[in-house]
Amino acid sequence: MTTPRLLWSDVSAGDELPPLSVNMTATLVVLGAMASRDWRPMHHDHAFAVHRQGLKDIFLNTPNQAAWFERYLTDWTGPHGRLGRMTFRMRASVFPGDTMVIHGTVREVETDASACGWAALDLTMRVGDDVKTACAARLALPTTPDDNPWTRRGERWSP
Amino acid sequence: MSGTAGLPPSVVAMLGVRQYEETAEFPVERGYIWNTCAAVQNDNPLYWDDAVAAEITGGPIAPPTTLSLWMRPHYWSPGHEGERLALRLHFDMKAVFDLPEAIIGDNTLVFHEPVRPGDVISHAQVLRSVSDVKTLHLGTGRWWNIDVEYWNQRGETVGVESYAGFGYRKPGQ
């Protein structure tokens, strides 16, 4: 079966990824929390979020934000793209009713000592002009049509 | 983050020590993989098409960012009373410093061996550092860094997660 694949050689520092826009709903917030087994009430209980925490509503939980970033990255790379590392910082919350937009820019590309091809990216999760979460990601890409980062193990995988 | 000056001896004794080593209550299963993909509308064929997964990853895998979910306890199970806490060191720090509120600030995930359906994941938590008292717009409290190491039933590291938590007391609280 042929699947789309982004090659490392097709990527350059400064490349911008297409933005992903999502109309956030309470259902998506709750589904994301339950899918990640995060039972804390601020991610599903409106009254708790408003009256106990002083927020305007329930909000996206951390693992679900990671899943949104992962989906965004592999939309771009196809299934051969392999995540190595993500660091993200939450600055503010994403609530139901928000239009969440994820942007990404390639910061640098490199190959490591085992010839694995890497792209480092800076991502943002925004609502309007506000950056709600910033993420730095390191992602392995095939260096040739026959390369597959998923086959790397041990010393050949240095995320 | 600071050194250990000003920290209670009980906290100093916890720094760098593996704690709460646990094995998951259930094996990795595809229902959660599909729910995770559904929640973010992820159509990556690795998670939906077994032929693609066989070709690229040698069989089905879980999305890497599901790392922590396999160790999250059931909300309730027989013999356990009350809410069960996932990142227990985080809650330990809240209790030690009597800080009623907390947030997670930075979160780093590093992915190693893929997690596959049927795997049984284990983890351990390590307190790396605790800051001096800080005042943010949220309130006054402390930052702490916690690493969580994950491995599979063969002892292979599948990931490491690092959290920066801030426990605090709101103004007037």
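Read-outs: derived from the displayed coordinates by stated rules, not from any lab. On a predicted model such as this, the values are computed, not experimentally measured, just so you know. Heads up, the Cβs are rebuilt from the backbone with ideal geometry, glycines too, and the neighbour counts pull from every protein chain shown.
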key: Sites residue A:108 and residue B:81, calculated FRET efficiency, Cβ-Cβ separation with R0 51 Å, nearest 0.05   = 0.50
remark   = In the range B:9-169 the DSSP beta bridges are antiparallel at a rate, in percent to nearest 5, of 95
query = By a straight-distance test (C-alpha under 20 Å), which lysines pair with residue A:56 as possible cross-link partners, with residues fewer than eight away in the same chain excluded?
reply = A:132, B:170
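Counting other beta carbons within 10 Å of each Cβ, put A:106, B:28 in order, fewest first.
Listing A:106, B:28 from fewest to most nearby Cβ atoms yields A:106, B:28.
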ask   = Distance from the Cα centre of the range B:133-173 to that of the range A:26-51, in angstrom?
value = 20
request  = May I ask you to derive the relative contact order of chain A, considering only C-alpha pairs under 8 Å and at least 6 residues apart, and to give it as an integer percent?
outcome  = 29
message = With a cap of 13 neighbouring Cβ atoms within 10 Å, and only residues DSSP puts in a loop, list the trypsin sites (Lys or Arg not before Pro) found in the range A:109-159.
response = A:153
message = How far apart, in nanometres, would the label points at residue A:52 and residue A:146 be if each is projected 7 angstrom from Cα along the Cα-to-Cβ direction?
response = 5.8
inquiry  = Just to confirm a number: summing +1 for Lys and Arg and -1 for Asp and Glu over residues other than residue B:39 whose beta-carbon lies under 14 angstrom from that of residue B:39, what do you get?
reply    = -1
inquiry  = I need the phi-derived Karplus couplings for the range A:25-42: 6.51 cos²θ - 1.76 cosθ + 1.60, θ = phi - 60°, integer Hz, Gly and Pro marked x.
reply    = 10, 4, 4, 5, 5, 5, 4, x, 5, 5, 4, 9, 6, 9, 8, 5, x, 5
Equivalent-ellipsoid semi-axes of the range B:9-169, from the Cα gyration tensor, Å, largest first = 32, 17, 16
key: Among A:137, A:24, B:4 the positive-end extreme of the charge dipole of the protein assembly as shown (Cβ point charges)   = B:4
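Suppose only helical runs count, i.e. DSSP H with n ≥ 4. What mean residue ellipticity at 222 nm does that imply for the protein assembly as shown under -39500 (n - 2.57) per run, divided by all residues and rounded to the nearest 500 deg cm²/dmol?
Computed ellipticity for the protein assembly as shown at 222 nm equals -5000 deg cm²/dmol.
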key: Which of B:165, B:152, B:108, positive extreme of dipole for the range B:9-169 (C-beta unit charges)   = B:165
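Using 0.36 nm per residue, how much length does the chain from residue B:12 to residue B:38 gain when fully extended, once their Cα-Cα distance is taken away?
Numbers: separation 26, 0.36 × 26 = 9.36 nm, distance 4.27 nm.
Gain on stretching residue B:12 to residue B:38: 5.1 nm.
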ask   = For residue A:134, what is the net charge nearby, where nearby means another residue's Cβ is under 9 Å from its Cβ and Lys, Arg count +1, Asp, Glu -1?
value = +2
task = Give the shape of the range B:1-51 as rounded, prolate or oblate, defined through the alpha-carbon gyration tensor: a ≥ b ≥ c are the square roots of its eigenvalues, a/c under 1.5 means rounded, and otherwise the shape is prolate if a/b is larger than b/c and oblate if not.
result = prolate
key: Rel. contact order, % - alpha carbon contacts under 8 angstrom, at least six apart, chain B   = 28
query = In whole Hz, what ³J(HN,Hα) sequence does the range A:106-111 give by Karplus (6.51, -1.76, 1.60; θ = phi - 60°), x for Gly and Pro?
reply = 6, 7, 7, 10, 7, 10
ask   = In whole Hz, what ³J(HN,Hα) sequence does the range B:158-169 give by Karplus (6.51, -1.76, 1.60; θ = phi - 60°), x for Gly and Pro?
value = 9, x, 9, 10, 10, 10, 10, x, 10, x, 7, 10
task = Enter the per residue convex hull volume of the protein assembly as shown, computed from alpha-carbon coordinates, in Å³ rounded to the nearest integer.
result = 148
query = Taking a quarter of the surface of the Cα convex hull of chain A, what do you get in nm²?
reply = 10.5
